[in-house]
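Please read the structure below before turning to the comments.
Read-outs throughout are calculated quantities, based only on the coordinates presented, and are distinct from any laboratory measurement. Values in this document were obtained by computation on a predicted structure and should not be read as measured data. All Cβ positions, glycine included, derive from the backbone under ideal geometry; neighbour counts span all protein chains shown.
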Amino acid sequence: MDLDEIPCYFEIHGLTAPERAAGLVYDVALDRLDDLARSLGVPLTLFAIGRDLARPEASAALARMRERGHEIANHSLDHRYDLTRLGRDEIARQIQGGIDAAHAASGERPVGFRAPGYTITDEVFGVLEELGVAYDSSVFPCPAYYGAKTAAIGLIRARGRQSRSVVDDPRVLLAPTRPYRVGRPYFRRGSGIVELPIQVTRGPRLPFIGTSVTLAGPTRARWLARACVGEPHVNLELHGIDVLDTSDGLEALRPHQPDVRVPTPRKLAALAAACEALLRAGTTFVTLREAAEAFR
């Protein structure tokens with residue numbers, strides 16, 4: 001689960017975020033996801049953005065989640081969507097800063113990393129290895145997602161706004177869909193750190209992520225889950241916004257984010273349906289740290 005606070009979504013759409021939206025993920029969404037996880041008996045891996053942890057309420061919430069048995073991981077210091085376009089020293093500062101902030105808040109030094117917007121490069125992987133990061137979970141070889149993201153950024157530009165989001169190298173679509181050790185280039189197998197790709201279904205490689213699951217509803221969410229059964233690792237990636245809706249103060253995002261129009265109870269039902277389908281198929285739920293250790 002990526003703990004992107006709501007201003008990140010306004011950045012994607014080239015909009016200014018209202019101040020009241022700043023703490024919704026830590027103050028509201030985290031408890032909802034924890035309740036869901038405990039009802040299913042599954043652990044979470046939480047990718048925290050370092051800057052958000054300067055707020056005492058967010059820091060305390062992350063510490064509580066660690067005490068409840070969830071893994072704490074690193075989503076960078078400032079969630080720069082253009083992380084891959086920065087100089088190497090700044091890339092290292094963003095990654096190390098995220099590690100330090102999460103460690104200070106939770107008492108757990110993160111060993112995992114996810115890049116903002118899933119966008120990553122060989123240079124970022126080089127920095128991760130230098131900093132002793134054990135695994136990454138950023139590679140998303142999903143044609144449908146890549147096409148939708150590219151089209152959305154173009155549409156935002158056509159409307160006179162500038163999205164902070166950036167488009168990944170299209171060669172990411174050549175990357176393995178199953179866990180692998182990265183090579184050079186990173187979308188080839190090698191002997192580097194463990195990569196746990198964002199999940200796609202078998203066959204058409206549809207996205208199996210929180211957005212697609214919550215928009216699908218319970219019945220189609222079960223179908224998406226079953227389309228992943230048999231994979232050696234099913235990496236269901238969520239965001240805090242996946243359990244929020246317009247009634248939580250997100251009315252300003254309603255014209256831009258179809259998923260916030262879905263009521264939270266229906267979202268939770270869809271997520272539960274997907275997880276239950278995997279559980280019925282014999283899937284064992286573990287943290288990403290545990291998965292990385294197994295595949296290493």
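Inspect the range 90-111 for any residue being touching a residue at least 12 places away in the same chain (Cβ under 8 Å), of a type in the set (Ser, Thr, Tyr) and either surrounded by fewer than 19 Cβ atoms within 10 Å (Cβ to Cβ) or out of contact with any strand residue (DSSP E or B) (no Cβ under 7 Å at 6 or more places or on another chain) (or both) and give the result as yes or no. Checking the range 90-111: not a single residue is touching a residue at least 12 places away in the same chain (Cβ under 8 Å), of a type in the set (Ser, Thr, Tyr) and either surrounded by fewer than 19 Cβ atoms within 10 Å (Cβ to Cβ) or out of contact with any strand residue (DSSP E or B) (no Cβ under 7 Å at 6 or more places or on another chain) (or both). In summary, Leu86 fulfils each of the numbered conditions (1) out of contact with any strand residue (DSSP E or B) (no Cβ under 8 Å at 6 or more places or on another chain); (2) surrounded by fewer than 23 Cβ atoms within 10 Å (Cβ to Cβ); (3) touching a residue at least 60 places away in the same chain (Cβ under 8 Å) with the single exception of condition (3). Could you go through the range 18-26 and let me know if any residue there is buried (at least 23 other Cβ atoms within 10 Å of the Cβ), under 20 Å from Ala115 (Cα atoms) and touching a helix residue (DSSP H, G or I) at 6+ places or on another chain (Cβ under 9 Å). Yes - at least one qualifying residue is present in the range 18-26.
Taking the criterion of being part of a loop (DSSP other than H, G, I, E, B) and not basic (Lys, Arg), the residues of the range 201-218 that qualify are Thr201, Gly203, Pro204, Leu206, Phe208. In the set Ile198, Ile193, Ile156, only one residue is touching a residue at least 60 places away in the same chain (Cβ under 8 Å), part of a loop (DSSP other than H, G, I, E, B) and of a type in the set (A, V, I, L, M, F, W, C); that residue is Ile198.
Whether a residue is within 21 Å of Arg85 (Cα to Cα), in contact with an Asp or Glu (Cβ under 9 Å, 6 or more places away or on another chain) and crowded, with 19+ Cβ neighbours inside 10 Å was assessed, and Tyr180 does not pass this test.
This table checks each residue for (1) in contact with a Gly (Cβ under 9 Å, 6 or more places away or on another chain); (2) part of a helix (DSSP H, G or I); (3) without any contact (Cβ under 8 Å) to a residue 40 or more places away in the chain; (4) more than 22 Å from Arg80 (Cα to Cα).
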| position | (1), (2), (3), (4) |
| --- | --- |
| Leu15 | no, no, no, no |
| Arg20 | yes, yes, no, no |
| Ser39 | no, yes, no, yes |
| Pro43 | yes, no, no, yes |
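For the range 164-181, a residue qualifies if it is more than 23 Å from Ala152 (Cβ to Cβ), of a type outside the set (Phe, Trp, Tyr) and not in a loop (DSSP other than H, G, I, E, B), and exactly one does: Arg181. Against the numbered list (1) more than 20 Å from Tyr146 (Cα to Cα); (2) surrounded by 18 or more Cβ atoms within 10 Å (Cβ to Cβ), Glu251 comes up short only at (2). Selection within the range 183-211: residues that are surrounded by fewer than 22 Cβ atoms within 10 Å (Cβ to Cβ) and aliphatic (A, V, I, L, M). The member of this set that is farthest from Gln257 (Cα to Cα) is Ile193. Criterion applied to Val111, Val127, Val133, Val139 was being within 13 Å of the chain's Cα centre (by Cα), aliphatic (A, V, I, L, M) and closer than 27 Å to Ala294 by Cα, and the one residue passing it is Val139. Of the residues making up the range 280-296, those that are surrounded by 15 or more Cβ atoms within 10 Å (Cβ to Cβ) and of a type outside the set (Lys, Arg) are Thr283, Phe285, Val286, Thr287, Leu288, Ala291, Ala292, Phe295. Here is the figure for the range 109-153: residues that are of a type in the set (D, E, K, R) and outside any helix (DSSP H, G or I) total 3.
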